[in-house]
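K.L.:
What follows is a single structure, and I will ask about it in a moment.
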Amino acid sequence: MKANIVTLPGDGIGPEVIDGAIQVMRAVAEKYGHEFTFEEHLLGGCSIDKYGVSLTDETLAACQASDAVLLGAVGGPKWDDPNAKERPEKGLLGLRKGLQAYANIRPVRPNANLLDASPLRPERLEGVDMVVVRELTGGIYFGEPKEKGMVDGKEYSFDTMHYWDWEVDRIVRLAFDIARGRKKHLISIDKANVLEVSRLWRRTVEKVAQDYPDCTYEHLLVDAAAMHLITKPAYFDVAVTGNMFGDIITDEASVLTGSMGNLPSASLGDGTGIYEPIHGSAPDIAGEGIANPIGMILSAAMMLRHSFNLETEAAAVEAAVDGTIGAGVRTLDLNWGKPGSVGTREMAHEIVSRL
Ligand code: NAD
């Protein structure tokens, strides 16, 4: 097949890890006879530096016209001024909105050879294999109004958490579809004991569930979910939640695998799919060549599967990652700082060599 992929390396370790994913895609193209072209654009802080905005109309148009988007990470201390008019994250949110990518799918499956890298005891990780579905284009990150101001010399600010029933309906439906192909049980995470928005969320889950009589479901408050994720993570199979809760819960879930550097994601919806690791730009290690590229490479595998329907190729990439980890190859984050770790390029090279 032929596919045009827009790459958005972004900031910090983004350009370092995306390199490995492109190498993997090239190796897949060669081995399986596909033609992938890559077109690079700026997003985030690097775009602010060059164009004054974190996402230009041209970049968004290129992404909309492409077959899939591969994204590194955005942000960093250089663009962190709270009073700045333009922030890197604005471009990321604009991209997700512009591509109508409302569903972020994050599989979490600790590798059997990496259990020692997890902060949890190995017996707690037995059987952990979950998919978290996070709503990505609504909720408090997008709600208007958001404001800051001053009254009688006292500073205030507020954001708005807002969901339409149809936004909840479509994400819950997608999560039930995924649950249907797995253990047929969906956990919906909210804060319905406090938030009106969560009560709408619950009512909508209950309505949608009627169309999935072959599946069961339960509601879990987000605070309890955070606790269960580390006390009995294997209990989760498919979970669905709103934008902010999903942001937090998936970072927590990611370290079950040993490092957040391992986790891929797919952001899907009505337009072009976006594939990005769940981690940020990691400014603390940027430029050192030690970042773990696995999350980025597994995101490319998700692209092969979800945007191009190339299941064999996706599984081959995942097997190459498993084989590399199985052979004891570790980046620093998976090695708890011990000697003998490999760098970003070497890790990518090891994975490509096993394809
Ligand atoms: P982060 O995910 O960048 O880093 C958290 C910790 O995990 C750091 O210690 C980092 O070194 C480590 N880490 C992350 N990815 C790694 C990898 N691949 N290999 C090895 N170690 C890795 O989160 P943060 O430090 O809170 O945020 C840094 C910047 O990234 C901020 O500007 C934030 O806004 C931005 N951010 C961007 C995204 C995104 O682009 N999707 C997501 C989260 C945070």
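K.L.:
Hey, what did segment 91-185 get for relative contact order, percent, Cα under 8 Å, at least 6 apart? Don't skip to the end; give the middle numbers.
P.N.:
On the way: 95 pairs, mean separation 23.1, N = 95.
About 24 percent, as a whole number.
K.L.:
Fewest Cβ neighbours within 10 Å first, please rank 25, 161, 227 accordingly. Working shown, then result.
P.N.:
Values: 25 25, 161 18, 227 13.
With the fewest neighbours first, 25, 161, 227 line up as 227, 161, 25.
K.L.:
Next question. Would you mind calculating the relative contact order of segment 1-129 from Cα pairs under 8 angstrom and at least 6 residues apart, reporting the percent as a whole number? Could you put the intermediate results ahead of the total?
P.N.:
On the way: 186 pairs, mean separation 36.7, N = 129.
Relative CO of segment 1-129 lands at 28 percent.
K.L.:
Another question, if that's okay. If you restrict to DSSP beta bridges whose two residues both lie in segment 119-257, what percentage is antiparallel, to the nearest 5?
P.N.:
On the way: 5 of 19 bridges.
Beta bridges within segment 119-257, antiparallel portion: roughly 25 percent.
K.L.:
In segment 119-257, if the dipole is taken from +1 on Lys/Arg beta carbons and -1 on Asp/Glu beta carbons about the Cα centre, which of 125, 137, 239 is farthest to the positive end?
P.N.:
Working it through, the farthest residue towards the positive pole turns out to be 125.
K.L.:
Let me ask another. Among the listed pairs 148/191; 2/50; 50/90; 184/207, which have their C-alpha atoms separated by more than 23 angstrom in this model?
P.N.:
On the way: 148/191 25 Å; 2/50 31 Å; 50/90 16 Å; 184/207 17 Å.
Violating the 23 Å limit, Cα to Cα: 148/191; 2/50.
K.L.:
Remind me, relative contact order of the chain in percent, using alpha carbon pairs under 8 angstrom and six or more residues apart? It would help to have the intermediate numbers written out before the result.
P.N.:
On the way: 772 pairs, mean separation 78.5, N = 355.
Relative contact order, the chain: 22 percent.
K.L.:
How do 163, 156, 141 rank when sorted from fewest to most other Cβ atoms within 10 Å of their own Cβ? Write down the numbers at each step before the final one.
P.N.:
Values: 163 23, 156 9, 141 19.
Exposure proxy ranking, most exposed first: 156, 141, 163.
K.L.:
Considering only 79, 61, 112, whose Cα is most displaced toward the positive end of the charge dipole of segment 1-157, charges sitting on Cβ of Lys, Arg (+1) and Asp, Glu (-1)?
P.N.:
Toward the positive end, the furthest listed residue is 112.
K.L.:
When DSSP beta bridges are limited to those with both residues in the chain, what percentage is antiparallel, rounded to the nearest 5? Please report the intermediate quantities before stating the final value.
P.N.:
Working: 16 of 45 bridges.
Around 35 percent antiparallel, to the nearest 5.
K.L.:
About the Cα centre of segment 119-257, what is the dipole size in debye to 20, counting +1 per Lys and Arg Cβ and -1 per Asp and Glu Cβ, all else neutral? Don't skip to the end; give the middle numbers.
P.N.:
Details: 18 positive and 24 negative charges, 67 e Å.
Dipole magnitude for segment 119-257 comes out near 320 debye.
K.L.:
Determine which lysines satisfy two conditions relative to residue 232: a Cα distance under 17 Å, and not lying fewer than 8 residues away in the same chain.
P.N.:
183
K.L.:
Same structure, new question: For segment 174-260, which GluC sites (Glu not before Pro) are in a loop by DSSP, counting at most 10 other Cβ atoms within 10 Å?
P.N.:
On the way: sites: 196, 206, 218, 252; in loops: none.
Passing sites in segment 174-260 do not exist.
K.L.:
Under 5 Å between amide hydrogens, which residues at least 5 positions from residue 3 or on another chain qualify, with H placed 1.01 Å from N in the peptide plane?
P.N.:
35, 36, 37
K.L.:
Turning to a different aspect of this structure: Which ³J(HN,Hα) values in Hz, rounded to whole numbers, follow from the phi angles of segment 153-161 under the Karplus curve 6.51 cos²θ - 1.76 cosθ + 1.60, where θ = phi - 60° and Gly and Pro get x?
P.N.:
So the J values, rounded to whole Hz, are x, 10, 8, 9, 7, 8, 10, 10, 9.
K.L.:
Label-point separation (nm) for residue 61 and residue 349, each offset 7 Å from Cα along Cα-to-Cβ?
P.N.:
It is 4.1 nm.
K.L.:
Also, quick follow-up: Please report how far the C-alpha centroid of segment 153-202 lies from that of segment 1-72, rounded to the nearest whole angstrom.
P.N.:
Measuring centre to centre over Cα atoms gives 30 Å.
K.L.:
Place a +1 charge on the Cβ of each Lys and Arg in the chain and a -1 charge on the Cβ of each Asp and Glu, then give the dipole magnitude about the Cα centre in debye, rounded to the nearest 20. Let's see the in-between values first.
P.N.:
Values: 35 positive and 51 negative charges, 124 e Å.
Taking the Cα centre of the chain as origin, the dipole is about 600 debye.
K.L.:
Rounded to the nearest 0.05, what FRET efficiency do residue 210 and residue 32 have when you use their Cβ-Cβ distance and R0 = 41 Å? Walk me through the intermediate numbers first.
P.N.:
On the way: r = 42 Å, r/R0 = 1.03.
Once the sixth-power term is evaluated, E becomes 0.45.
K.L.:
Same structure, new question: Hey, rough spin-label estimate for residue 148 and residue 193, points 7 angstrom out along Cα→Cβ, what's it come to in nanometres?
P.N.:
It is 3.3 nm.
K.L.:
Here's a follow-up. If we sort 168-174, 290-296 on the protection proxy, mean other Cβ atoms within 10 Å, highest first, what's the order? Can you show the working numbers first?
P.N.:
Values: 168-174: 21.1, 290-296: 28.0.
The peptides rank, most packed first, as 290-296, 168-174.
K.L.:
Between residue 169 and residue 126, what FRET efficiency comes out of the Förster formula 1/(1 + (r/R0)^6) with R0 = 25 Å and r the beta carbon distance, rounded to 0.05?
P.N.:
Details: r = 35 Å, r/R0 = 1.40.
Efficiency for this residue pair is about 0.10.
K.L.:
Follow-up question, since we're still on this one. Name the shape class, rounded, prolate or oblate, that the alpha-carbon gyration tensor gives for the chain, where a ≥ b ≥ c are the square roots of its eigenvalues, rounded holds for a/c under 1.5, and otherwise prolate holds if a/b is larger than b/c and oblate otherwise.
P.N.:
Numbers: a/c = 1.41, a/b = 1.15, b/c = 1.23.
Verdict is rounded for the chain.
K.L.:
Which of 354, 26 comes first, and how do the rest follow, when ranked by fewest Cβ neighbours within 10 Å? Mind showing how you got there, number by number?
P.N.:
Numbers: 354 18, 26 14.
Ordered by Cβ neighbours within 10 Å, fewest first: 26, 354.
K.L.:
Sorted from largest to smallest, which semi-axis lengths in Å does the alpha carbon gyration tensor of segment 119-257 give for its equivalent ellipsoid, taking the root of 5 times each eigenvalue? Provide the component values of the computation, followed by the final result.
P.N.:
Working: eigenvalues 169, 83, 25 Å².
Here the semi-axes work out to 29, 20, 11 Å.
Each reported figure results from applying straightforward, stated rules to the coordinates on display, with no laboratory input. Please read these numbers as outputs of a predicted model, since none were measured by experiment. Here the Cβ is made from the backbone with ideal geometry for all residues, glycine too, and neighbour counts use every protein chain on show.
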